[in-house]
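Structure first, commentary second.
The values are calculated or read from the model by the stated rules, or taken from the named source; none is laboratory data. The structure displayed is predicted, hence computed values, not measured ones. Cβ: placed from backbone, ideal geometry, glycine included. Neighbour counts: every protein chain shown. Accessible surface is based on the protein model in full, side chains and every heavy atom, while ligands, DNA and RNA are left aside. Shrake-Rupley method; radii C 1.70, N 1.55, O 1.52, S 1.80 Å.
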Amino acid sequence: MIKSALQIAREAYQPKLPNSLKGSVKIVDGAKTKSIADQAEIEAKFPNTYGMPIITFEEGEKKDYPATGVGVILSGGQAPGGHNVIAGLFDGLKSLNADNKLYGFMGGPSGLTDNEYLELTPEIINHYRNTGGFDIIGSGRTKLEEVEQYNQGLENCKALGITALVVIGGDDSNTNACVLAEYYKSIDAGIQVIGCPKTIDGDLKNEMIETSFGFDTACKVYSELIGNIQRDANSAKKYWHFIKLMGRSASHIGLECALQTQPNICIISEEVEEKKQTLNEVVKQIADVIAARAANNENFGSILIPEGLVEFIPEMKILMSELNDIMAHKEAEFVLIESKQEKREFVAAELSSESATVYDSLPNDIADQLIMDRDPHGNVQVSRIETEKLLIVMVESRLKKMRKKEKYAGKFAAQNHFFGYEGRCAAPSNFDADYCYSLGYTASVLISEGKTGYMSSIRNTTLTADKWIAGGVPTTMMMNMERRHGEMKPVIQKALVELDAAPFKKFASQREDWAINTKYIYPGPIQYFGPSEVCDAPTKTLALEQGK
Ligand code: FBP
């Protein structure tokens, strides 16, 4: 493989570890835990893994550990730093016993059931240290949730001498990992299961999981791109840039990028829902800022739009939930229809009259995108809905009406962008490189101590890495009961943007100024070498959440 000079220099980077992981480790048990809600139901579903204590590590005495095999799985969308979780896990396992073996299951969770694996050697691992991507073993979105899959996985693990699995995934994958841990424990299978918190979306976080890995790097990449676009906008002074950002339902990415770049507008879906704003109200809010800037002769600007926005607009939420039901229950009839127009007519006839009116009012492209294939959870794939284009069309039409009423006298030309895939496989920032390596290393310690049903946890992440607190948190602790596919299920609670927390408050206190007065920040590219304040800083979200 031909490598760039940066890649070669980056390979030599030694990720920083918390002090407690630098030598032999002692496990310290904290108080017993309970789930964040629905305690009785969650305890009944997880009799073997509920209530376990939070674990922290301290420096300890050297111990001998028997050699074993461990399997690792990458699950879901890519996030910068996945390779470093595997490198940290590998180095941790080898430091415990040089004969330990690490197997990567290929292409996501299906690798476990299909018995597709690769033994990870030092040569392979070295090649991927501090690189972005999940290509070392690949990832996938197959869900492990059937007993037959668990038993097949068990058989495959036994044949390889594997006694522990590490699942690197988001909230759903970690929920499934915990169900697997519970099942293996209930049948005394001799396989531990440990999770690692991954997702650029930033929505897998709580008191014990301060951030999911990849969020830091992805936001820094998007912020660099937004900054570049803002500088272009401020130079040419002729375009409004509508920028949709990945992140699924939650607006964490949008909020973080807004804090880093100070755009003219950033829509936060959670606020739209809280205020019960209609689509027309969101459009009005944007058009009013455009008109106000035009009055100052500034016919340009930047607008950040979270990809999940449409799900939070009340009338669209109802429409999408009705569409999900129609797609689930009428799939057999629906797939036989060939033309897009007939498909639209078919679903429109099945909708309630209110939702049919909303559906009919949408441009055809958007109406088509709303009835595309669902994801494995039966939901609309929000990354494929071109909300940024929908808003441009609607804003343009509103501005025309405002012009007639002499409430707008500017020029409007728009460019649309969607940033998502650009940031998911970027070379991890120092923060993500260190955080991920520590998460993987932590998983190796949890395994050596016989733990199962835990997630690797690294806290105090706004301090320097040597002061980070490493340990394990029982996954059941993060769960509540939610309706999925018409049934109540135990799941890790997704973290949405909290409107009363410091990151949103900081944004809300400044956005009116940013809207009218051009106060753009141009963050520039991620720096890997140089002063710590430039290279190692965590996200603004994390810093504000921790009172920094
Ligand atoms: P995960 O939740 O699996 O980490 O994936 C995050 C994400 O990048 C979302 O932001 C986005 O909506 C989705 O994946 C896109 O999925 P796909 O990679 O299947 O297009």
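Results, tabulated for the structure shown:
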read-out	value
Qualifying positions in segment 388-436 - within 16 Å of the ligand (Cβ to nearest atom) and either in a helix (DSSP H, G or I) or closer than 18 Å to residue 302 by Cβ (or both)	388, 417, 418, 419, 420, 421, 422, 423, 424, 432, 435, 436
Matching residues, segment 126-166, being surrounded by 19 or more Cβ atoms within 10 Å (Cβ to Cβ), aliphatic (A, V, I, L, M) and assigned to a helix (DSSP H, G or I)	154
Single unsatisfied condition, residue 496 versus (1) at negative phi; (2) open to solvent by 80 Å² or more (accessible area, probe 1.4 Å)	(2)
Identity of the residue in segment 54-82, more than 24 Å from the chain's Cα centre (by Cα) and among the aliphatic types (A, V, I, L, M), that ends up farthest from the ligand (Cβ to nearest atom)	67
Residue list for segment 470-491, restricted to those being more than 21 Å from residue 47 (Cα to Cα) and part of a helix (DSSP H, G or I)	none
Looking only at segment 292-319, and only at residues there that are within 16 Å of the ligand (Cβ to nearest atom) and among the acidic types (Asp, Glu), the one that is nearest to residue 262 (Cα to Cα)	307
Segment 398-455, residues that are among the aromatic types (Phe, Trp, Tyr), buried (at least 18 other Cβ atoms within 10 Å of the Cβ) and over 30 Å from residue 24 (Cβ atoms)	408, 412, 418, 419
Among the candidates 373, 360, residue that is of a type outside the set (A, V, I, L, M, F, W, C), under 23 Å from the mean Cα position of the chain (by Cα), more than 27 Å from residue 226 (Cα to Cα) and open to solvent by 50 Å² or more (accessible area, probe 1.4 Å)	373
Top-ranked residue in segment 168-195 [being more than 12 Å from the ligand (Cβ to nearest atom) and in a strand (DSSP E or B); ranked as most open to solvent (accessible area, probe 1.4 Å)]	192
Only one of 484, 459, 511 that is touching a residue at least 12 places away in the same chain (Cβ under 8 Å) and touching a Cys at 6+ places or on another chain (Cβ under 8 Å)	511
Any hit, segment 203-218, residues being within 16 Å of the ligand (Cβ to nearest atom), among the polar types (S, T, N, Q), touching a strand residue (DSSP E or B) at 6+ places or on another chain (Cβ under 6 Å) and more than 30 Å from residue 446 (Cβ to Cβ)	no
Selection from segment 456-476 of residues that are closer than 24 Å to residue 34 by Cβ, open to solvent by 10 Å² or more (accessible area, probe 1.4 Å) and touching a helix residue (DSSP H, G or I) at 6+ places or on another chain (Cβ under 9 Å)	460, 469
Qualifying strands (runs of 3 or more DSSP E) (wholly inside segment 1-93; at least 2 residues being open to solvent by 10 Å² or more (accessible area, probe 1.4 Å))	25-32, 53-59
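Here is a yes/no grid of residues against (1) modelled with pLDDT of 95 or more; (2) farther than 22 Å from residue 485 by Cα:
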residue	(1), (2)
143	no, no
162	yes, yes
186	yes, yes
208	no, yes
211	yes, yes
221	yes, yes
227	yes, yes
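Listed here are the residues, each with its yes/no results for (1) open to solvent by less than 60 Å² (accessible area, probe 1.4 Å); (2) part of a helix (DSSP H, G or I); (3) not charged (D, E, K, R).
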residue: 504; (1), (2), (3): yes, yes, yes
residue: 508; (1), (2), (3): yes, yes, yes
residue: 512; (1), (2), (3): no, yes, no
residue: 525; (1), (2), (3): no, no, yes
residue: 533; (1), (2), (3): no, yes, no
residue: 541; (1), (2), (3): yes, yes, yes
residue: 547; (1), (2), (3): no, no, yes
